[in-house]
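Single-structure report; data block below.
The values are calculated or read from the model by the stated rules, or taken from the named source; none is laboratory data. What you are looking at is a predicted structure, and each value in this text was computed from that prediction instead of being measured. Cβ placement follows ideal geometry from the backbone for every residue including glycine, while neighbour counts extend to all protein chains displayed.
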Amino acid sequence: MIAELGTYSLILAMFLSILLSVVPMVGAQRSSLLLVSYARPLTIGVTFFVGLAFAFLVYAFLTNDFSVEYVANNSNTALPWYYRVSAVWGGHEGSLLLWVLTLAGWTLAVALKSKALPLDIIGRVLGVLGIITTGFLSFVIFTSSPFERLLPRSPAQGADLNPLLQDFGLIVHPPMLYMGYVGFSVAFAFAIAALLSGRMDAAWARWSRPWTNVAWAFLTLGIALGSWWAYYELGWGGWWFWDPVENASLMPWLVGTALIHSLAVTEKRGVFKSWTLLLAIFAFSLSLLGTFLVRSGVLTSVHAFASDPARGFYILVMLAVAIGGSLLLYGIRAAQVKSDSSFTLVSRETLLLVNNVLLTVIAFTVLLGTLYPLLIDALGMGKMSVGPPYFNALTVPLGALLMVALGVGALVRWRQTDATQLFKRLIGPLVLAVVFGVATMMIRGGEGWDHWTYVGIILAYWIVFCALVDLYDRAGKRSGSLFASLKKLPRAYWGMHLAHLGMAVLAVGIAMVSAFTEHRDMRMAPGDRQEVGQYVFEFKGIEHVEGPNYTSDKGVINVYQDGQLYEVMTPEKRLYTARGNVMTEASIDAGLFRDLYVALGEPLEGGAWAIRLQFKPYVRWLWLGGLLMTFGGFLAAMDKRYRKMSQRDAKLA
């Protein structure tokens, strides 16, 4: 009965989403406030029934209802309850339902938090979101229902959840990633609403800006969590492999980063309107492309779902309609997209334009490297792979230029800046960055310092010192004490610099872990010792462990520092009994400035094992940088000026 109720809930949600797609749109076109006013109640109804369907699926997992095929394929009676909940989005059908629930949640948030906006604008925004919701609900109902019955023969225990996904990372990573992916639909909806209404002034950019910041922050957090999960769960010790599915999340993040900067320029200066509209369209389109890559069956990846290609074709059609329809609308309305002001070569607008160009070029580079092998394979021209050498060779120099522009952009002013004065302001941060970079190299010492490592460290210092100069200038112009002046700076300003600081921390992490990681893949028998990174690892032997749904060979490795026992590390090789999968569970001694990483390989003759030992300096700074950027995005979105200006815009409308 639960499965049938879930299906009925989805059908009702789809019916309401169709009404949401049509009624407020017609009302906005006819200037009928009555029709437009139905948008919010319809949104509440869609969210309620999608949430109800999701709750039914969670209940089916918690009660081990293996008469539901999706539950039988992704759960087991021995699975801990918290993994049963996360198993809801551990497969294709459930993850699509999570996607729709997230979309409904975003739509409801817009409906409830945008009451100050003109009714015609909010009607069009919710109408566009209703169209997107209808498309995904039809996809779930007709091709990917998680409520299909497995009758009359239901398994007694279930096939179990993929062991790779039986981890805390699965509990938090997909929801955060989806919040970012789907959040860009709001920016897309505001862009389409602006094109439909012809109202492409600073107000619509101001309305869209906090929503875009929140979506970008969630996507940043989702990517960081995915990198962290791959690092400790897959047993290879890497944090980014340029996997096509990893790239699928990076591309909308890059375009979304350009979008939040472009929105700032459109709001403050009335320029870059074309950029902003196109970036909003492409950010959401790349999110849909990521969905297609993960679910179409064209990729083989630990991140991808092995799905029917017909499902991928459905999403491909949705992608074609979204991109084609929105670009057609843009082409029709392009003549009305005019800038309201001008700027000189030496200005913040110019630096943000450079920022947009660099981010877009990086995104295109990643897109080309991701899709080119698929295109070659589809044309029957053989199989090929595009790996880290291609991506690193192109993205690292472009990323360095982006960091240069980031530092300069903090010190230029809107519209026009005196070049001589700017040069004087930049000299101090440049000299300090070089001096601190050289000092870091001398203190760190050792081999591994190539030119890109040195450049990365200098640019990280460059961003920090440029931000400090700007902070001092801003606070110094206000009356009162320095502390009181700092408190008066808006949250959006603090959020910007916090995100930029996160980029600097990320750059340090990338530079240091890439240059100074030490690793050994070796055979170790009980009693063998190996030195890595000033630590001595001694293999003591193997212990047998019985888990709730697995058996494990747990290695015991003593770690010594300066002749004293420092830590006991216990990597595991687990056999999950339901599916017979063997998984590696690395043992990690984490620290702010370095990680010790140990993973078991295969058993060898004479009681020996293949063991991977790694010393990874500053690897935690990768995810610390991601967290700082995430907090920066959220802080910027909470700026009180957005709410006050939206209320003012509504009164003027």
Q. Does segment 563-574 include one or more residues that are in contact with a Lys or Arg (Cβ under 7 Å, 6 or more places away or on another chain), farther than 18 Å from residue 165 by Cβ, crowded, with 21+ Cβ neighbours inside 10 Å and not β-branched (Val, Ile, Thr)?
A. no
Q) So which residues in segment 30-59 are under 29 Å from the mean Cα position of the chain (by Cα) and small (Gly, Ala, Ser)? A) 45, 51, 53, 55
**Q.** Residue count, segment 322-349 (criterion: within 31 Å of the chain's Cα centre (by Cα) and free of Cβ contacts under 8 Å to residues at least 12 places away in the same chain)
**A.** 4
Q: Just give me the residues in segment 379-389 being part of a helix (DSSP H, G or I) and touching a residue at least 60 places away in the same chain (Cβ under 8 Å), in sequence order.
A: 388
**Q.** Single unsatisfied condition, residue 274 versus (1) modelled with pLDDT of 95 or more; (2) surrounded by fewer than 23 Cβ atoms within 10 Å (Cβ to Cβ)
**A.** (1)
Q: Select, from 521, 470, the only residue that is surrounded by 17 or more Cβ atoms within 10 Å (Cβ to Cβ) and of a type in the set (Asp, Glu).
A: 470
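For segment 196-208, how many residues meet the condition of being part of a helix (DSSP H, G or I) and surrounded by fewer than 24 Cβ atoms within 10 Å (Cβ to Cβ)?
Of segment 196-208, the ones part of a helix (DSSP H, G or I) are 196-197, 202-208.
Checking which are surrounded by fewer than 24 Cβ atoms within 10 Å (Cβ to Cβ) leaves us with 196-197, 202-203, 206.
Within segment 196-208, residues that are part of a helix (DSSP H, G or I) and surrounded by fewer than 24 Cβ atoms within 10 Å (Cβ to Cβ) number 5.
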**Q.** Tabulated pairs, segment 1-28, first assigned by TED's automatic domain parsing to the domain that holds residue 48 and at pLDDT 95 or above, second surrounded by fewer than 18 Cβ atoms within 10 Å (Cβ to Cβ) and aliphatic (A, V, I, L, M), C-beta under 7 angstrom, 6+ apart or interchain
**A.** 9/52; 10/141; 11/141; 14/141
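Return yes when residue 166 is of a type in the set (S, T, N, Q) and touching a Ser or Thr at 6+ places or on another chain (Cβ under 7 Å) and no when it is not. Steps first, answer last, please.
Values: of a type in the set (S, T, N, Q): yes; touching a Ser or Thr at 6+ places or on another chain (Cβ under 7 Å): no.
Taking the combined requirement at face value, the residue does not satisfy it.
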Q) So residue 347 fits all but one of (1) in the same structural domain as residue 279 (by TED's automatic domain parsing); (2) buried (at least 16 other Cβ atoms within 10 Å of the Cβ); what number is the exception? A) (1)
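Out of 438, 412, I need the residue that is at pLDDT below 95 and in a loop (DSSP other than H, G, I, E, B). Which one?
On the way: 438 fails: in a loop (DSSP other than H, G, I, E, B).
Result of the check over 438, 412: 412.
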**Q.** Unique match (being part of a helix (DSSP H, G or I) and not assigned by TED's automatic domain parsing to the domain that holds residue 471) among 326, 342
**A.** 326
Q) Exactly one of (1) surrounded by fewer than 21 Cβ atoms within 10 Å (Cβ to Cβ); (2) in contact (Cβ under 8 Å) with a residue 40 or more places away in the chain; (3) within 30 Å of residue 213 (Cα to Cα) is unmet by residue 615. Its number? A) (3)
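Among the residues of segment 415-426, what is the count of those that are assigned to a helix (DSSP H, G or I) and either under 35 Å from the mean Cα position of the chain (by Cα) or under 28 Å from residue 492 (Cβ atoms) (or both)? Show your work before the answer.
The initial filter retains those residues of segment 415-426 that are assigned to a helix (DSSP H, G or I), namely 419-426.
Adding the requirement that they be either under 35 Å from the mean Cα position of the chain (by Cα) or under 28 Å from residue 492 (Cβ atoms) (or both) leaves 419, 421-426.
Adding up the residues that qualify gives 7.
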